[in-house]
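I have placed the structure first, in the form of structure tokens, so that the comments after it can refer back to it.
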Amino acid sequence: MKITGIIVAAVLIAGSGLTLHVAQSQQPGVKRTDLLRHDLDVSGREVIQVRVDFAHGVAFPPHSHPGEEIAYVIEGLLEYRVEGKPPVTLKPGEALFIPAGA
């Protein structure tokens, strides 16, 4: 994930005990704020909503999550890369669905 400009992205993640890796969320230039965590009707699954603020030029290394993600850009631009697909650049008000394991 490559960031252009200052980004504020809200991410909704559905999974089983799913959180962003601590090392990634604590890397310089990244601020993670947990907003909501709630069990789903499906046994062993929960939804986690977080707000992630990225400083200009900060990028996460390639990684995946066991649950689905929805990224929504509040401010700035976000270039998101999903393996096997062309990069997507999101602007404020745009969202992206990221499949589990991608």
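The values are calculated or read from the model by the stated rules, or taken from the named source; none is laboratory data. Just so it is clear, the structure is predicted and the values come from calculations on it, not from any experiment. Here the Cβ positions follow ideal geometry from the backbone for every residue, glycine too, while neighbour counts run over all protein chains shown.
Being out of contact with any helix residue (DSSP H, G or I) (no Cβ under 7 Å at 6 or more places or on another chain) and assigned to a loop (DSSP other than H, G, I, E, B) is true for just one of His38, His65. Which residue is that?
His65
Output the residue which, of all residues in region 68-102 that are small (Gly, Ala, Ser) and in a strand (DSSP E or B), is surrounded by the fewest Cβ atoms within 10 Å (Cβ to Cβ). Working first, answer last.
We begin by selecting, within region 68-102, every residue small (Gly, Ala, Ser); these are 71, 76, 84, 93, 95, 100-102.
Now drop any that are not in a strand (DSSP E or B), which leaves 71, 76, 95.
On the way: Ala71: 20, Gly76: 18, Ala95: 12.
The qualifying residue surrounded by the fewest Cβ atoms within 10 Å (Cβ to Cβ) is Ala95.
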I'm checking my understanding of the structure. Among residues of region 36-67 that are of a type in the set (A, V, I, L, M, F, W, C) and exposed (fewer than 12 other Cβ atoms within 10 Å of the Cβ), which one is modelled with the lowest pLDDT?
Val42
